[in-house]
Amino acid sequence: MKKTHILILVLIAAAVGYMIMTMGSLSTYESIASAKQKQGKFVHVIAKLDKSQPIEYDAIKNPNYLSFVAVDSLGNSAKVIYHSPKPPELENTERVVLKGKMEGEVFECKDILLKCPSKYKDDPRNVQKSLNKNTQQ
Amino acid sequence: MQYIGERLLPGQLGHLFVIISLVASLVAAIAYFKAVQSDLPADKESWKRLARIAFSLDIVSVFAIFFLLVFLIRSHYFEYFYVYKNSSTELEPKYILSCLWSASEGSFLLWTLWHAVLGGVLMFKGKEWEAPVMTVISFAQVCLATMLLGIYFFGKKVGASPFVLFRQQMPELPLFASADYVTKIKNGNGLNPLLQNYWMVIHPPVLFLGFASTIVPFAYGIAGLWTKKFGEVMKAALPWALFSAGILGLGIMMGAAWAYESLTFGGYWAWDPVENASLVPWLVLVCGIHTLLAYRSTGHSLRATHLFFILQFILILYSTFLTRSGILGDTSVHSFADLGMNLQLLLFVLVFLIPALILFAGRYKQIPSIVKEESISSREFWLFVGSLVLFLSALYITFFTSLPVFNNVADKKKALGEDQEYTYNRVMVLVTVILGLLTAITQYLKYKNTSREFLLKKIGVPTVISLIISVLISIFGGIHYDKYGVGYLAAIHVAIFAAIYSVVANAMYIWIGMKGDIKKAGASVAHFGFGLVLVGILISSSKKEVISFNTSGIAVPFGQDSKEDPKENLTLIRGQEMNMLNYKVNYRKDTFFTGDPKHYFEINFQDKEKGEEFNLYPNAFINYKGNSGLMANPDSKHYWNKDIFTYITSLPDPEKNKDTANYHDKTVKIGEKVFFASGYMTVDKVSSEYERARINTKAADSVVALKISVIGKDSSNHLAQPLLVYTKGNAVSIPDTVLAQDLSVRLNAITPEGISIGVKESDSLLQYVTLKAYVFPMINVLWIGIIVMVIGFLMSMWRRFKGV
């Protein structure tokens, strides 16, 4: 066997081994109920903001504390705490991807990804909204 | 219904040219194919002539589509959906082009436009390889033309046309019940504010030139397999591959510069799938260039070169699929929305992937290769090893970027772990070590064989110098990035040595190896730049430091915070000085009252030790054009060795903190005193001249400006200059604000009775901003490195073009 072949095999084996090792540290998408089962494990939860509950954020008191209630498609809800400023479009998002861990009944959120309706400009409802503005002038 | 006032001609022409480009490129592809397959030289020539005519027609129609779309956007024809969706009347002219490529249709158009340009060059410069290479490019043009088609074919949507009318796109909207709807649409939805940045004018065309040019090495690779003149063809591909790598690299890093300047994740690279998708093909292309160089001099690695050149283009197509299919929806911050063209996008990948792989597999045995092994002291051996490492790192990135695809196919629910960046960085730091060392040493090796004495003599001095520099950095550089433990920190220090080694060894090689012959030094220059990039990345990332820790007394600990929580945001109340590391910061003023949708905040920084003072102006769009909420743009102070970088993360809720005061209108004469709560003002002058920062009225037809002296009770004297700007018959009033007096003045009109002004005394609400600030050391080394690297690529390209 050629040196290069051996080298290729070794490198590929190392790479594959490493990937398999890393797969264990991958996170998963969970519902709120299943996240509660996996206490302390870093998970992704797709949910909605529960608009009937207040969003707690006061930048003067503490700019690094946000809390709100999230509800998922199965109807379960959980309090979410996020130690960063409130994402500006939080109230208007249709969906949020929450990345963090469940600690007891509270979801300690590390990162929030917003899926805003404004990002999907082709939705007729949004186009109508923007039209209302642009036809009144 | 008969609609009134629609300007249909440009759109119809646009549709027509899309169809012409489709047919013309199809004819060109077939004719070029025939030109390759024909045996008789006379047949070859006549097919080639036909193909050239057809491809020229494609070039003309693609340019026509481009200029028609520019025309529509410039003329604000809002009956066209693309124009409505992506532009508005008040945009500065330089952003017209940004509108053009801000959505998917426009970026496909840009792509096909560059293909047309490159194809045009290849028709003249392709020589004997013109026909096979152009077959591939013409075929790609067919595929791209279908992306712009926007017709339904057996109930399936094929492509999306930028010329579709608003009422065709959304016939259900009540607006289209009126025949004169065109006159009712006064303005467009506008360009996403994040894209209103000069980088967005130049980054997309450069990136897409890079994207488009990757087809050339691919096409040469296919041509080699097809005509069985493997090596000969590949040698001609080298300058093209160098061009492509240079431009694609530049385009990617321009995107990084844009992200750094206008996005607020606090950096230039986040391993976001969209970024990875463009980086991976570049890595594979660079692999191909290196194995091709090995082949040129020794005959080794030709098979690998063919494979790399095929894969890099397939990966470009795959990245198109990833970013436009909406499959990344939950993982990327900035992927395009689902266009409803997933099948078409997938076919676009497969239609190149499958034939290319079949051809490669079929011809694999016939590709010449050398049975004798490379010597371990030869340059070609290490070129191959470097390419292999680079390729494996590309596979690693692709694998983790593709998780959403695997989830989709296998119905799994995997996602990247807690620290997305670390997933990539822990591997890339090792790759950096290997690549740094290889780029430093390999040029000092000779092809075929290198004697130990020769190597040691040449490389001794650079090695010692690099060791000294990197040890000094490690000791005095203050790199203590221990978030991921000692092992990772050690890897960073080793990587810094490797990167410095690469910089020093390549710089010195220009004299040691090339005797200062700068014309031949393209590779050394590119590697020198690459080394600088690595140094810049390593130091700026490992020493990046948040300085806006919440130290203010107003943070009331609620008990919910544990010690580990990142209190990385600081709230500043207007006029109140705060401490931020070694700075005193003060939110002094803002431009809330100017009426400009983009609000600037003046944040004053004062160095506590040196007394040095500067202002930063981070800005934000608030509730702009239906995009509710805040869209922040950072600002930074650049020093040669670091950047101070800050951006707004939160503002008072505009609903709660609404400025309830109204303008009170008065008609006054010049010189007349107008009193307000804490002073009076007089209008001194009416003219067309004014001096106001950040107000641009170049596009206006005329401007009326007032000069108003505002005298406060404290006998302070201020100048206010409200404006009335006329553009195309519309008058827009731009008020001016005297912050010291909480006063805003606007100009309503000039009437025969006098000057109608409005005066507003703001309720002095508590005004504050929450911001985050970083120090980025040595970030400039990264940017300089990129520029040097691209220059190196282009130098090599130039020399190889002349050599061909």
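The values are calculated or read from the model by the stated rules, or taken from the named source; none is laboratory data. Owing to the predicted nature of the structure, the values given are computational and were not obtained by experimental measurement. All Cβ positions, even for glycine, are placed from backbone atoms using ideal geometry, and neighbour counts span all protein chains on display.
Pick out, from the stretch B:446-555, the helices (runs of 4 or more DSSP H) lying fully within it that include 3 or more residues that are free of Cβ contacts under 8 Å to residues at least 24 places away in the same chain.
Hits in the stretch B:446-555: B:452-476, B:485-512.
Can you tell me which residue in the stretch B:174-192 is surrounded by the most Cβ atoms within 10 Å (Cβ to Cβ), limited to those that are out of contact with any helix residue (DSSP H, G or I) (no Cβ under 7 Å at 6 or more places or on another chain) and either hydrophobic (A, V, I, L, M, F, W, C) or in the same structural domain as B:GLY255 (by TED's automatic domain parsing) (or both)?
B:VAL182
Given (1) over 21 Å from B:PHE601 (Cβ atoms); (2) at pLDDT 80 or above; (3) charged (D, E, K, R), identify the lone condition not met by B:LYS728.
Of everything listed in (1) over 21 Å from B:PHE601 (Cβ atoms); (2) at pLDDT 80 or above; (3) charged (D, E, K, R), B:LYS728 misses just condition (2).
Out of the stretch A:5-27, which residues are within 30 Å of B:ILE376 (Cα to Cα) and facing chain B (nearest Cβ under 10 Å)?
A:HIS5, A:LEU7, A:ILE8, A:LEU11, A:ILE12, A:ALA14, A:ALA15, A:VAL16, A:TYR18, A:MET19, listed by residue number.
The rows are residues; the columns are (1) crowded, with 20+ Cβ neighbours inside 10 Å; (2) among the acidic types (Asp, Glu); (3) more than 10 Å from chain B (Cβ to nearest Cβ).
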residue: A:TYR29; (1), (2), (3): no, no, no
residue: A:GLN39; (1), (2), (3): no, no, yes
residue: A:LYS51; (1), (2), (3): no, no, yes
residue: A:PRO54; (1), (2), (3): no, no, yes
residue: A:ASN64; (1), (2), (3): yes, no, no
residue: A:SER84; (1), (2), (3): yes, no, no
residue: A:ASN92; (1), (2), (3): no, no, no
residue: A:VAL97; (1), (2), (3): no, no, no
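One residue is enough: does the stretch B:360-367 have a residue meeting the conditions farther than 18 Å from B:ALA277 by Cα and within 9 Å of chain A (Cβ to nearest Cβ)?
no
For the stretch A:117-127, state whether one or more residues are more than 8 Å from chain B (Cβ to nearest Cβ), in contact with a strand residue (DSSP E or B) (Cβ under 7 Å, 6 or more places away or on another chain) and surrounded by fewer than 21 Cβ atoms within 10 Å (Cβ to Cβ).
No, there is no match, as no residue in the stretch A:117-127 is more than 8 Å from chain B (Cβ to nearest Cβ), in contact with a strand residue (DSSP E or B) (Cβ under 7 Å, 6 or more places away or on another chain) and surrounded by fewer than 21 Cβ atoms within 10 Å (Cβ to Cβ).
Could you grab me the full set of residues in the stretch B:402-419 that are within 9 Å of another protein chain (Cβ to nearest Cβ), part of a helix (DSSP H, G or I) and of a type in the set (A, V, I, L, M)?
B:LEU403
May I ask you to list the residues in the stretch A:8-25 that are of a type in the set (A, V, I, L, M) and exposed (fewer than 15 other Cβ atoms within 10 Å of the Cβ)?
Within the stretch A:8-25, A:LEU9, A:VAL10, A:ILE12, A:ALA13, A:ALA14, A:VAL16, A:MET19, A:ILE20, A:MET21, A:MET23 qualify.
Have a look at B:ILE151, B:ILE137 and point out the one that is among the β-branched types (Val, Ile, Thr) and modelled with pLDDT of 90 or more.
B:ILE137
Looking only at the stretch B:596-620, which residues are among the small types (Gly, Ala, Ser) and within 23 Å of B:LEU263 (Cα to Cα)?
Residue satisfying the conditions is B:ALA620 alone.
Exactly one condition in (1) closer than 30 Å to B:LEU456 by Cβ; (2) surrounded by fewer than 20 Cβ atoms within 10 Å (Cβ to Cβ) is false for B:GLY362; which is it?
Only one criterion is unmet by B:GLY362, namely (1).
Condition (residue is out of contact with any Lys or Arg (no Cβ under 7 Å at 6 or more places or on another chain) and among the aromatic types (Phe, Trp, Tyr)) applied to the stretch A:29-47: is it met by at least one residue?
Checked against the condition, which is being out of contact with any Lys or Arg (no Cβ under 7 Å at 6 or more places or on another chain) and among the aromatic types (Phe, Trp, Tyr), the stretch A:29-47 yields no hits at all.
Which one of B:LEU771, B:LEU747 is crowded, with 20+ Cβ neighbours inside 10 Å, in contact with a strand residue (DSSP E or B) (Cβ under 6 Å, 6 or more places away or on another chain) and either small (Gly, Ala, Ser) or within 30 Å of B:LYS685 (Cα to Cα) (or both)?
Going through B:LEU771, B:LEU747 in turn, just one is crowded, with 20+ Cβ neighbours inside 10 Å, in contact with a strand residue (DSSP E or B) (Cβ under 6 Å, 6 or more places away or on another chain) and either small (Gly, Ala, Ser) or within 30 Å of B:LYS685 (Cα to Cα) (or both): B:LEU747.
Out of the residues in the stretch B:561-600 meeting the condition of being at pLDDT below 80, of a type in the set (Asp, Glu) and more than 30 Å from B:ASN192 (Cβ to Cβ), tell me which one is surrounded by the fewest Cβ atoms within 10 Å (Cβ to Cβ).
B:GLU564
Give the residues of the stretch B:636-651 that are closer than 30 Å to A:GLU56 by Cβ and away from every other protein chain (no Cβ under 13 Å), sorted by residue number.
Correct list: B:PHE645, B:THR646.
For the stretch B:122-145, how many residues meet the condition of being farther than 18 Å from B:LYS235 by Cβ and free of Cβ contacts under 8 Å to residues at least 24 places away in the same chain?
Going through the stretch B:122-145 one residue at a time, the tally reaches 1.
Which condition number in (1) more than 12 Å from every other protein chain (Cβ to nearest Cβ); (2) in a helix (DSSP H, G or I) is the one that B:ILE397 fails?
The one condition B:ILE397 does not meet is (1).
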